[in-house]
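Student: Starting off with a structure, shown below.
The values are calculated or read from the model by the stated rules, or taken from the named source; none is laboratory data. Computed from a predicted model, the values in this text were never measured in an experiment. Counting neighbours? That spans all protein chains shown, and the Cβs are built from the backbone with ideal geometry, glycine included.
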Amino acid sequence: MGLAIRLRTSVSAGLVGLAIVQVMTLSELMNDLIAQWTEMEACLGAVTRISRFTKETPREGRSDETKSLFDEWPSSGYVTLENVSASYEYITPPFLRCHQRVN
């Protein structure tokens, strides 16, 4: 603003207003640029992590893995849930009670 006061006799008020609007617009554009840059950097980081994961994680189903199960492995089975409950804290009533058998 000091520059606008010094130049008040040689520059019109309209041009000073236009300059202020342009500076404010530039500030908004810089803010948007930084936000977009940060979002792009986060996305590129995610792509890099996925790429590294696919390269470094060994594949399943390789030929050197055993294809058959152990002889003592059960051919069928089930899971029985009796008197199972869940709550957020031990002093609150349970929100889930379960009595079932899953084959």
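Student: Can you find, within the range 1-43, the residue that is modelled with the lowest pLDDT among those that are of a type in the set (V, I, T) and not in a loop (DSSP other than H, G, I, E, B)?
Tutor: Filtering the range 1-43 for residues that are of a type in the set (V, I, T) and not in a loop (DSSP other than H, G, I, E, B), the one modelled with the lowest pLDDT comes out as I5.
Student: OK, next. Considering every residue within the range 81-96, establish whether at least one is surrounded by fewer than 10 Cβ atoms within 10 Å (Cβ to Cβ) and at pLDDT 90 or above.
Tutor: No, the range 81-96 contains no residue that is surrounded by fewer than 10 Cβ atoms within 10 Å (Cβ to Cβ) and at pLDDT 90 or above.
Student: Regarding the range 53-61, can at least one residue be identified that is assigned to a loop (DSSP other than H, G, I, E, B), at positive phi and surrounded by fewer than 10 Cβ atoms within 10 Å (Cβ to Cβ)?
Tutor: Yes: one or more hits.
Student: Continuing with this model, one more query. Output the qualifying pairs, or none if there are none: Cβ atoms under 7 angstrom, residues six or more apart or on different chains, first residue in the range 83-97 and without any contact (Cβ under 8 Å) to a residue 12 or more places away in the chain and outside any strand (DSSP E or B), second residue surrounded by 10 or more Cβ atoms within 10 Å (Cβ to Cβ) and of a type in the set (G, A, S).
Tutor: The qualifying pairs are P93/S87; P94/S85; P94/S87; F95/S87.
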